[in-house]
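Heads up: the structure comes next, in C-alpha cells.
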Amino acid sequence: MADTLDPNAALQSLTGWRVADDPRPAIARTLRFADFNAAFGFMARVALVAEKMDHHPEWSNVYNRVEVLLTTHDAGGVTGKDVELARFIDRAAEQMGAEA
Ligand SMILES: C[C@H](O)[C@H](O)[C@H]1CNC2=NC(N)=NC(=O)C2=N1
C-alpha cells in the first residue's frame, strides 16, 4: 500500500490546492470555467485519465464550477497518486481556460 503524505506537505508542490474541509486527510481545489460546457469538457478529460490511473476524484459540478477532492481511499490519506492526479487536473484546467 502506498505511503501517505501529510496533506500540508503535498500542497508544497502544488498551486491552487488547499487542505480539504473533510474529516479525512485530503486536498481540494475549486475551479471555475467560462460555462458548463468548459467545466464538463474538463471533467471528461480528467475522467479518462483517472480511469487509466485507477485513481478517481471525488467531485461535484454546478454550472461552471467544479469542486474536486483528492484522497486515496485504499491508503486512508493523501498519496503520490493524489499529487500526480492534481498535477494533471491543473494542466487540464489551464487548457480548458479555468480561472486561477
Ligand atoms: C479496486 C480499485 O482499484 C480501487 O478501489 C481504486 C479505485 N479508485 C480509487 N480512487 C481513489 N481516489 N482512491 C483509491 O484508493 C482508489 N482505489
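The values are calculated or read from the model by the stated rules, or taken from the named source; none is laboratory data. Note that this is a predicted model, so its numbers are computed, not measured. So basically every Cβ, Gly included, is an ideal-geometry build from the backbone, and we count neighbours across all protein chains shown. Please note that ligands, DNA and RNA were not included when accessible areas were found on the heavy atoms of the full protein model with its side chains. Shrake-Rupley method; radii C 1.70, N 1.55, O 1.52, S 1.80 Å.
Taking the criterion of being away from the ligand (no atom under 16 Å from the Cβ), surrounded by 13 or more Cβ atoms within 10 Å (Cβ to Cβ), touching a residue at least 24 places away in the same chain (Cβ under 8 Å) and hydrophobic (A, V, I, L, M, F, W, C), the residues of the range 27-42 that qualify are Leu31, Phe33, Phe36, Ala38, Ala39, Phe42. Looking only at residues that are open to solvent by 80 Å² or more (accessible area, probe 1.4 Å) and acidic (Asp, Glu) in the range 43-65, which one is nearest to the ligand (Cβ to nearest atom)? For the range 43-65, the residue satisfying everything is Asp54.
Here is a yes/no grid of residues against (1) under 11 Å from the mean Cα position of the chain (by Cα); (2) under 14 Å from Glu94 (Cα atoms):
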residue	(1), (2)
Asn8	no, no
Gly16	yes, yes
Ala28	yes, no
Phe33	no, yes
Asp54	no, no
Pro57	yes, no
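Count of the range 66-100 residues, restricted to those that are outside any helix (DSSP H, G or I), open to solvent by 10 Å² or more (accessible area, probe 1.4 Å), closer than 12 Å to Ala2 by Cβ and of a type in the set (A, V, I, L, M, F, W, C), is 1. Take the conditions (1) in contact with a Pro (Cβ under 8 Å, 6 or more places away or on another chain); (2) within 17 Å of Ala75 (Cβ to Cβ); (3) surrounded by 17 or more Cβ atoms within 10 Å (Cβ to Cβ); Val19 misses just one of them, which is (3).
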